[in-house]
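First the structure, in the form of structure tokens, and then the observations on it.
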Ligand code: HEM
């Protein structure tokens, strides 16, 4: 069996560590932190870990809401989307994920931009 992106990232535990650090960065960012005011961050981290594991080809079921339903009411703009993606990219860099794999993660989550961004800049 060939190695998946999920394997190269180090599997679910490594992805969970990336997700923890990612949300630390997000919560420290004034531009986007308000979106998470009423969010159960433990559940959020768990769902995000499942989601990234699944889109990276891991043997993990994502059990959260679909991307459109989860973000529909939030009124997310493209600059806010880009800010979140930049935190994910910087976190992957911090964890020494190489550029090809960083790009693969970002392009996998980038597929959901149209479902997540609901307001014009
Ligand atoms: C980079 C692309 C993104 C991905 C892959 C992603 C993924 C997710 C996932 C998996 C959930 C969990 C859904 C659930 O628990 O059922 C979620 C919820 C959420 N996302 Fe995102 N998201 C992205 C971008 C964003 C952006 C740009 C924002 C805000 C600026 C945002 C704000 C939120 C909030 C506030 C929730 C919680 C909704 C709630 O529990 O009521 N997300 N997202």
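Observations on the structure shown:
- Boolean, residue 111 is surrounded by fewer than 14 Cβ atoms within 10 Å (Cβ to Cβ) and more than 8 Å from the ligand (Cβ to nearest atom): yes
- Identity of the residue in the stretch 71-93, without any contact (Cβ under 8 Å) to a residue 12 or more places away in the chain and over 14 Å from residue 28 (Cβ atoms), that ends up surrounded by the fewest Cβ atoms within 10 Å (Cβ to Cβ): 73
- Filtering the stretch 94-108 to residues that are farther than 15 Å from residue 24 by Cα and either in contact (Cβ under 8 Å) with a residue 40 or more places away in the chain or surrounded by fewer than 17 Cβ atoms within 10 Å (Cβ to Cβ) (or both) leaves 96, 97, 98, 99, 100, 101, 103, 104, 105, 106, 107, 108.
- Residue match in the stretch 31-44 (condition: crowded, with 18+ Cβ neighbours inside 10 Å, within 12 Å of the ligand (Cβ to nearest atom) and assigned to a helix (DSSP H, G or I)): no
- Qualifying residue in the stretch 56-68 (condition: part of a helix (DSSP H, G or I), surrounded by 16 or more Cβ atoms within 10 Å (Cβ to Cβ) and in contact (Cβ under 8 Å) with a residue 60 or more places away in the chain): no
- The residues of the stretch 90-106 that are closer than 17 Å to residue 58 by Cα and either in a loop (DSSP other than H, G, I, E, B) or within 11 Å of the ligand (Cβ to nearest atom) (or both), listed by number, are 97, 105, 106.
Any read-out appearing in this document is the output of simple, stated calculations on the displayed coordinates, not a laboratory observation. Computed from a prediction, not measured in an experiment: that's the story for all the values here. Don't worry about glycine lacking a Cβ; one is built from the backbone with ideal geometry, like all the others, and counts go over all protein chains shown.
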